[in-house]
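This report refers to the structure that appears directly beneath it.
The values are calculated or read from the model by the stated rules, or taken from the named source; none is laboratory data. A quick note: this is a predicted structure, and the numbers were derived from the prediction, not measured. Note: ideal-geometry Cβ built from the backbone for every residue, glycine included; neighbour counts use all protein chains shown. Protein only, heavy atoms only, side chains kept; ligands, DNA and RNA dropped before computing areas. Shrake-Rupley method; radii C 1.70, N 1.55, O 1.52, S 1.80 Å.
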Amino acid sequence: MLKRKLSLLSTAAVISLGASLALPLSSAQAEDVTLKLVMASYTDDMLPYYTDLITRFEAANAGIKVDLDVVAWPEIGQKVKTLIASGQSPDIVNNDEFAGEAADGLLYPANKIVSAATLKDIIPAFRDNSKYNGVEYAVPDLASARAFFYNKTILKGAGVTKPPATWTELKAAAIKIKAKYPDVYPLGLPLGVEEGQAEFTVWGGGNGGRLYNAKTKKYTIDTKEYLETLTFLKGLVDSKLTQPNPGKTNRTDGAWSLFAKGKVAMVNGGVFLPDWLSKNGGEKIKWGASAFPHAPGKTDITLGVQDYFKGYKANGRETEIRKFLDFIFVPANYAGFLKAAGGFIPATKSAGKLAESDPIIGPYIKLLPKAIFYPGTVGSWSACKADIVTQMGTAMLNPKKALTNIQKKCDAANAG
Amino acid sequence: MSTKTFKKGSSFRSLPWIGPALLLIFIFVLWPVVELFLVSFREISVSGLIKGWAGTENYKALLDNSDLSGTLRRTAIWLVVVVTLTMALSLPLAQLMNANFRGRRFLRYSVIVPWAASLVITATSWKWILDPYFGIVTRIIVDLRIAEEPVDLLGDPRTSFIVLLAVGITVSLPFTSYVLLAGLQAIPKEIMEASLVDGASAWKGYWAITFPLLRPAFLVAAVINSVYVFNSFPIIWVMTKGGPAYETDTTTTFAYKVAFRDQDIGQSASLAVGNFFVILIFIMLFLKLSKWKELDQR
C-alpha cells in the first residue's frame, strides 16, 4: 500500500517536472496574467456560474488566468478593505459601494473597464448613480426595488379589504389583524444590523425624508421628517403591533422567516422576496405586493439599490479587466448572471426590455421612476450607513437620541 | 579570572540557541505592537488606504466619540462584576469539589466540561436558549404566564447587559475554581485538624487558616481572570454584537465596531493602544504577585 502511494507520488513528481519543463516552451512570448476577482455571493448559484464563465473566458483568452473569490455579503466590504490595506489589491470587485474607493483614486473610470458599446447599453439612471465628482467610476451590475408585501389570507380574514396605502390605514389594519389573530405580528420591522438602513430609508422616504442633500453636501438625518417617522414606528412597537424586538431583528432570519411561517402579516420585501420564500418554506403563503404606505399628505416611494462592478488600478490590468467585464455583459452571459443572482432588475437596456414582460420583475421596473437611492456617490456613505444600522438598535426606545447620534457620526465621516 | 571570561562570552555563545526564539518574539510579539502604535498615529481612508500621518487626530476623534464614555463605564462594570462574582462563587465551589463525597467525580467533570467547550459554542448555545421565538427560556416565561408575549432579553438594552454578565460569570467559573481547588489541595489537612482540636469552629478555621493559605492561588486566579474578562470578545460578539446600538459594548467589541462598521481604523487603533496599557498593568501586577508568591514559599 505504502509502496503504491510512493510510486504514485513519484509519477506525479515526474509529470509535474515534465509539465514545468514544457510550460516555458508553449507560452514563450507572453507570461500568464492573473486577474484577481472578489465577487458578491447573491445566492449559492453564483459560484457555479462564475466557475463556468471563467472556464469559457480562459479558453477564449489565452494568457489570462482568473483567480476567483466569491464572498458572502456581510464579509465582502471588510475583505476588500483588508486586501487593499495589505497591498494585495484585487482587479475586479462586485459589491455595493464605490465612492470611497473612487475618492481615494483606486478605481479606473468606467469607460476604461468596459467598451463604449457595453456602457451605452447600461440604463442611464443607474449610470448617474455611479459617478463621483461627475466621473463614472463603476459599472452597475444589477438593481433591486422594494415593495410592501402582505399575507392575503390574514388581511382578508381580519377584514382588511385592500393593502394599506397610508400610515393611518396601516395602523388601522394592524389593529384589526392583532384583534383577529393574537399570535400574528401585524407588521414585521427588521431594524437589525442586516438591513436597518433600508427600513430607515424606506419609512423615512415615505414622509419626505432624504438622507443627503447634494446641494449643501451634508447628511440630513436629524430632521423633522425622520423624527416623525421613528416616532410613528415606535408607536406601533409600543402598541405591540410589531414583533417584540425590532432593534435586533434581521431581515432574512427574522422578519422574512416569520412572514414565511405566517407569523407576520406585512413586511418590507423586495423583488427577490418571492424567490426567497419559495426556497425557505414560505411557498404556501399567498402574498401580495403593493406600494409602501406613506405618511398622510405625502407620496409613496420605493427604495432602489444598485450594485457595481469596479476595476482597480493597483495592478495595471486595464486591458484584461475590460476583456473580462465585456465578456460578462455578452447578453447570454449576462442573462446567466441575473439568473444566478436570483430575481433582480437588469442594469442593461437590452436585458431590461426582456424583463419588462416578466410577471414578477416587470412591476418593479415600472416602480423605478418612484425610486429613491442611497447616497452611494458620497465617499463617506459606507461609514454613515454602518452607523445608521448600529443606531437602529435603540431607535425604538429613544428616536431623538438615535437621530442625533447618527447625524453626528455621519457628519464626522463626511468631514474626515 | 577564568570564570569571568566564561561569563563574558556566554551571552554571545548562547545566541545560536536563543536567537531563533528571540527572532520569533520580535516578529510575532513586538512587531505587531509597534505596528499598532504606528497605525494609531496614521490617517487611513475608508477604503483601507494609508494617507499619511495623522498626529493625535485619531486620539482626539476617540475622545470625541459620543459612545466612548458609556463603553468605558460598561467595561469597568463588566470587569469588576464578573471577576468579583466569579471569585466569590468559586471559593465555595472549590471547597465542594475538594470535599470527599459520592459523586465528587461527577461534579468535577460537570464543572470542567463548559471550560472544554469553545467560547463561541457556549455563547451560541446561550443565544439560542434566550431566542425570543424558539428559545427555551422564552417558553418557560410564557408558559408560567410571567409575560404574555415572547420576551427578547438580549434585544432589550435594559436586560441584555445583565444577561451577558451572568454568562460571563458562568464561563469564568471552571478555570477559577480549578485554580482554587489546586490551592486547597496544597494545604496540609493537619493544620485544619489541629485548629479543630484547639476548639475553633469550621467557619473560623476557614477564615483564620484555609483562606490565608489559599491567598496566593486566589490572587493569581483573580489577576489572570481579569485579563481574560477584560479581553473577552466572543461572548459579547456572538450574543449581541455589542448591541442593541452600543448598549452592551466593552472596549474590545467597541474597537472592532469602530474599525469595521464606522471604518475608522486609526481611531480603533488608538483605542487598542489604551487597551494594551490596561493589559500591561494587569501583567505587571501578575508578575509582581507571582514573585511575591515565590518569596512567600521560601
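Gyration tensor analysis over the Cα atoms of region A:49-179 returns equivalent ellipsoid semi-axes of 43, 19, 17 Å (largest first, whole Å). Along region B:200-205 the Karplus relation, 6.51 cos²θ - 1.76 cosθ + 1.60 evaluated at θ = phi - 60°, assigns HN-Hα couplings of 6, 6, 4, 4, 5, x Hz to successive residues, with x for each Gly and Pro. Taking amide H as placed 1.01 Å from N in the peptide plane, B:GLU43 has its amide H under 5 Å from the amide H of B:LYS51, B:GLY52, B:TRP53, B:ALA54, each at least 5 places away in sequence or on another chain. Label separation (A:SER290 vs A:THR153): 2.0 nm, computed from points 7 Å beyond Cα along the C-beta direction. Pairs of Cα atoms nearer than 8 Å and 6+ residues apart set the relative contact order; for chain A it is 25 percent. Residues whose amide H comes within less than 5 Å of that of A:ILE64, counting only those at least five positions distant or on another chain, are A:VAL33 (H built at 1.01 Å from N in the peptide plane).
The phi-based Karplus calculation (6.51 cos²θ - 1.76 cosθ + 1.60; θ = phi - 60°) puts the 3J(HN,Hα) values of region A:184-199 at 10, 7, x, 10, x, 10, x, 8, x, 5, 5, 9, x, 5, 5, 4 Hz, whole numbers, x for Gly and Pro.
Between B:LEU119, B:LEU62, B:LEU24, find the one with the highest GNM mean-square fluctuation for chain B; connect C-alpha pairs within less than 10 Å. Per the Cα network of chain B with a 10 Å cutoff, B:LEU24 tops the list.
Descending by average beta-carbon neighbour count within 10 Å, the peptides A:261-272, A:158-169, B:277-288 line up as A:261-272, A:158-169, B:277-288, the highest first.
Computed about the Cα centre, the dipole magnitude for region B:68-297 is approximately 460 debye when only Lys and Arg (+1) and Asp and Glu (-1) carry charge, each at its Cβ. Each residue of region B:135-143 was assigned a 3J(HN,Hα) from its phi angle through the Karplus curve 6.51 cos²θ - 1.76 cosθ + 1.60 (θ = phi - 60°); the sequence is x, 6, 5, 4, 4, 5, 4, 6, 5 Hz, with glycine and proline shown as x. Once a ≥ b ≥ c are taken as the square roots of the eigenvalues of the Cα gyration tensor of region B:68-297, is the result rounded (a/c under 1.5), prolate (a/b larger than b/c) or oblate (a/b not larger than b/c)? Because a/c hits 1.5 or more and a/b fails to exceed b/c, region B:68-297 counts as oblate. Of the listed residues B:GLU57, A:GLU195, A:GLU58, the order by accessible area with a 1.4 Å probe, largest first, is B:GLU57, A:GLU58, A:GLU195.
Peptide B:32-45 is shielded by partner chain Cβ atoms: per residue, an average of 1 of them sit within 10 Å of its Cβ.
For region B:105-199, the list of trypsin sites (Lys or Arg not before Pro) that fall in a loop by DSSP and count at most 15 other C-beta atoms within 10 angstrom reads B:ARG145.
Let me make sure I get this right: for region A:286-379, a, b and c are the square roots of the gyration tensor eigenvalues over alpha carbons, sorted descending. Under 1.5 in a/c it's rounded, otherwise prolate if a/b > b/c, else oblate. Which is it? Cα axes put region A:286-379 in the oblate bin.
Taking a ≥ b ≥ c as the square roots of the eigenvalues of the Cα gyration tensor, the protein assembly as shown is oblate, since a/c reaches 1.5 or more and a/b is not larger than b/c.
On association of chains B and A, roughly 2700 Å² of accessible area becomes buried (total for both chains; probe 1.4 Å). For A:THR166, nonlocal amide neighbours, meaning residues 5 or more places apart or on other chains whose placed amide H falls under 5 Å from its own, are A:HIS294.
Counting helices only, and only those DSSP H runs with n ≥ 4, report the 222 nm mean residue ellipticity of the protein assembly as shown as the sum of -39,500 (n - 2.57) divided by its residues, in deg cm²/dmol to the nearest 500. Value at 222 nm, helices only, nearest 500: -18000 deg cm²/dmol.
With Cα atoms as the point set, the radius of gyration and Dmax of region A:24-95 evaluate to 14.1, 44 Å.
Eigenvalues of the alpha-carbon gyration tensor of chain A, scaled by 5 and square-rooted, set the equivalent ellipsoid semi-axes at 44, 25, 21 angstrom, largest first.
Full extension of the segment from B:TRP17 to B:PHE211, taken as 0.36 nm per residue of separation minus the current Cα-Cα distance, would add 65.5 nm.
Of the candidates A:ALA291, A:ALA85, A:ALA116, which one comes out as most mobile in a Gaussian network treatment of chain A with C-alpha springs shorter than 10 Å? Looking only at A:ALA291, A:ALA85, A:ALA116, the largest GNM fluctuation is found for A:ALA85.
Multiplying the residue separation of A:LYS120 and A:GLU75 by 0.36 nm and removing their Cα-Cα distance gives an extension gain of 13.0 nm. For the pair B:VAL33/B:ILE50, report the inter-label distance in nm, with labels modelled 7 Å from Cα in the Cβ direction. Simple spin-label model gives 2.0 nm for this pair.
The largest accessible area among B:ILE129, B:ILE44 belongs to the first residue in B:ILE129, B:ILE44, and the rest follow in falling order (1.4 Å probe, all chains). Averaged over the residues of peptide A:74-82, the number of Cβ atoms from other protein chains lying within 10 Å of each residue's Cβ is 3. Selection among A:ILE54, A:SER115, B:VAL34 by position relative to the dipole of the protein assembly as shown gives B:VAL34 as farthest towards the positive end (Cβ unit charges, Cα centre). Could you check which residue among B:SER14, B:SER195, B:SER125 shows the biggest mean-square fluctuation in a GNM of chain B with a 10 Å Cα cutoff? Between B:SER14, B:SER195, B:SER125, it is B:SER14 that shows the largest mean-square fluctuation. Per residue of peptide A:245-253, the mean number of Cβ atoms on other chains within 10 Å of the residue Cβ is 4. Under 17 Å from a label point set 7 Å out along the Cα-to-Cβ vector of B:VAL142, the amide N atoms of region A:160-201 belong to A:178-189. Our note on the geometry: Cα centres of region A:353-416 and region A:247-274, 18 Å apart. The GluC sites (Glu not before Pro) of region B:137-194 meeting both criteria, a DSSP state outside H, G, I, E and B (loop) and at most 16 other C-beta atoms within 10 angstrom of the site's C-beta, are B:GLU148. Magnitude of the charge dipole for the protein assembly as shown, about its Cα centre and with charges confined to Cβ atoms of Lys, Arg (+1) and Asp, Glu (-1), is about 1120 debye.
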